[in-house]
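Down below is the structure, laid out as structure tokens.
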Amino acid sequence: MTSEINFLVSGIILGLTAGIAPGPLMTLVLAETLKHGIASGIKVALIPLLSDFPIVCVSIWILAKMSDIHIVLGCISIGGGFFLVYLGYESLIFRGDKSDVKESKNKSVQKGIITNFLNPHPYVFWLSIGAPLVLKAYNINMLSSLLFIISFYVMLVGAKIGAALFTGKYRHFLKDKNYIYTIRLLGIALFIFAFIFFREGLEHFGFR
């Protein structure tokens, strides 16, 4: 039972750390909550439950088959950088009128899925930490691996849902221009993450 508890605690700690860490998905959770309400923010927060399964499978496959993962991670990073530039630009031109809401309210899930797929960090996590831990747990017993995965995603998604709920509850403090400026500030944050993705992509290709 000690092994199961160890993997449960590991999942909780790693999931909470990943859940509260600043990043493009968290930024998108906040932006979509401010633009379209708590429901849209929660939809984005739930994205890892939809998109991470193929990421985990791909990561394990890469870990088993690829002799050099840097090219793959480099392509993912640069692709993610371009998409974050697009999202950042969309936030910078946000005007706060009803037409903006109607045009993009239903795109929250699509944005979240693309952002997570093109974010190299989940791949790096599962290649370097997640997949080896799951395999190690599985070698002990199935329960240990399930406890790790479940606790990890409960904390990861739960932290982001909490951020959406908190942001939505206090969004009324952001009135008029302050509301628009906050969205644009989040757009600038997405540009910063895009720059980080571009830099990491170039490093994977050997440019330092």
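The values are calculated or read from the model by the stated rules, or taken from the named source; none is laboratory data. All of these numbers come straight from a predicted model, not from anything done at the bench. Virtual Cβ from ideal backbone geometry, glycine too; neighbours counted across all protein chains shown.
One table, with the values for the structure above:
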| quantity | calculated |
| --- | --- |
| Which numbered condition LEU146 fails, given (1) in contact with a Leu (Cβ under 9 Å, 6 or more places away or on another chain); (2) over 13 Å from MET26 (Cα atoms); (3) not acidic (Asp, Glu) | (1) |
| Given (1) under 17 Å from PRO22 (Cα atoms); (2) in contact with a Phe, Trp or Tyr (Cβ under 7 Å, 6 or more places away or on another chain), number of the condition SER144 does not satisfy | (1) |
| Residue check for TYR89: part of a helix (DSSP H, G or I), over 25 Å from ILE192 (Cα atoms), among the aromatic types (Phe, Trp, Tyr) and modelled with pLDDT under 90 | no |
| Qualifying position, being within 13 Å of the chain's Cα centre (by Cα), of a type in the set (Val, Ile, Thr) and closer than 22 Å to TYR170 by Cβ, among ILE47, ILE38, ILE55, ILE42 | ILE42 |
| Residue ID - modelled with the lowest pLDDT, chosen from residues in segment 114-137 that are under 14 Å from ILE69 (Cβ atoms) and hydroxyl-bearing (Ser, Thr, Tyr) | SER128 |
| Helices (runs of 4 or more DSSP H) wholly inside segment 1-80 that include at least 3 residues being closer than 28 Å to LYS136 by Cα | 2-20, 47-65 |
| All positions within segment 157-198 that are out of contact with any Ser or Thr (no Cβ under 9 Å at 6 or more places or on another chain), at pLDDT below 90 and charged (D, E, K, R) | LYS169, LYS175, ASP176, LYS177 |
| Checking ILE42 against (1) closer than 24 Å to ILE196 by Cα; (2) at pLDDT 90 or above, the condition it does not meet | (1) |
| Top-ranked residue in segment 125-183 [being among the aromatic types (Phe, Trp, Tyr) and more than 21 Å from the chain's Cα centre (by Cα); ranked as nearest to ASN6 (Cα to Cα)] | TYR138 |
